[in-house]
Ligand code: HEM
């Protein structure tokens, strides 16, 4: 039952109606994926291939005392680090209503501006784990959706894909429309390695948790104004700051770091790394977001990508999307 509902949601999420032309197998897989996104969602000049609709805000991050014992990264030294944060709706549709089921999972991309003028990024979304583990699977997911128009004979390619990839419906079942971007929780999904002054290495997955989590049911979400999330956050910030807790779930020996479909056991220790305080919207978000590029693998000394193959793929796909959207 859950599977059927989830596969409908997935098809809707990826708008599986357009037919894809034959895929260019000689292109890097990241390019094939951005091609597939453009073809499924349409090409919208100036906008991201995925998470096209968003809002940009600013604030700072201050690490808690124990963060430095896990990582020597300068952002964990306890001083206030300025951040630029972009919240977003899923899909490559710049006009998607914020309350649409397809706008899940909502995203949160964080850019930490370090004292030496370099940047370190975290790109999270509301999924507690990812539907697929590899680049090829992600491409094949899009291709299956594209090959499954409403009149496709059953079982359709997307039904077959979902049946053979149980992480797809399971992952989609972990998200819902939030009351506000300030009341959703966001997960890094991919593992990173924190390295401290002594050279000790600890694999982690990031979590960004609000003071209060609040979601809407699908019927209530569908009744909200099309831009309710985008306009609510700047209004909320005028009344006062919004805070989130940046946390790290610590891997234990044997936990898989290279497969984003596999959540680590819930009892794994979660350490508070610090508090993100957002205090203002940027004056012209639509202009600001065009020149912003968040890269999951852009990390400073003291943080390293794990062996998760999605990190490198994401870097390549985001750069490809950035090149197409211009700035
Ligand atoms: C196979 C894996 C993935 C691929 C190929 C992919 C692809 C993309 C692309 C092409 C963009 C547009 C980038 C731009 O123009 O700047 C994007 C944006 C985004 N993705 Fe992914 N993505 C993947 C996995 C993930 C995961 C695991 C997360 C979170 C856990 C995530 C969260 C986001 C967010 C939040 C944005 C918007 C970033 C912004 O605000 O600039 N994606 N993705």
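Rule-based calculations on the coordinates, nothing more; no lab input. Treat the numbers as computed from the prediction; the structure is a model and nothing was measured. Note that we place each Cβ from the backbone using ideal geometry, even for glycine, and neighbour counts take in every protein chain shown.
Before moving on, here are some points about what is shown:
- Between helix 309-325 and the chain: long-axis angle, C-alpha atoms, 0 to 90°, nearest 10: 80
- You can think of it this way: the chain between residue 231 and residue 280 has 16.4 nm of extra reach, that is 0.36 nm per residue less the Cα-Cα gap.
- Interatomic Cα distance distribution for the chain, bins of 10 angstrom, percent: 6, 27, 36, 24, 7, 1, 0
- Potential lengthening between residue 323 and residue 79 on full extension [0.36 nm per residue; Cα-Cα distance subtracted]: 84.4 nm
- Cβ-Cβ distance of residue 66 and residue 213, R₀ of 25 Å, FRET efficiency by 1/(1 + (r/R0)^6): the value works out to about 0.60.
- Which of 211, 121 has the fewest Cβ neighbours within 10 Å, and the rest in rising order: 211, 121
- The stretch 63-100 residues near the modelled residue 272 label - backbone nitrogen below 14 Å, point 7 Å along Cα→Cβ: 63-68
- FRET efficiency for the residue 312 to residue 197 pair, using the beta carbon distance and R₀ = 22 Å, is estimated at 0.20.
- Label-point separation, residue 136 to residue 174 (7 Å along Cα→Cβ), nm: 2.4
- Using alpha-carbon coordinates, inclination of helix 228-239 to the longest axis of the chain, degrees: 20
- Using R0 = 45 Å, the C-beta based FRET efficiency linking residue 243 and residue 154 works out to 0.40.
- Nearest 10 degrees, 0 to 90: helix 29-41 Cα axis against the chain principal axis: 60
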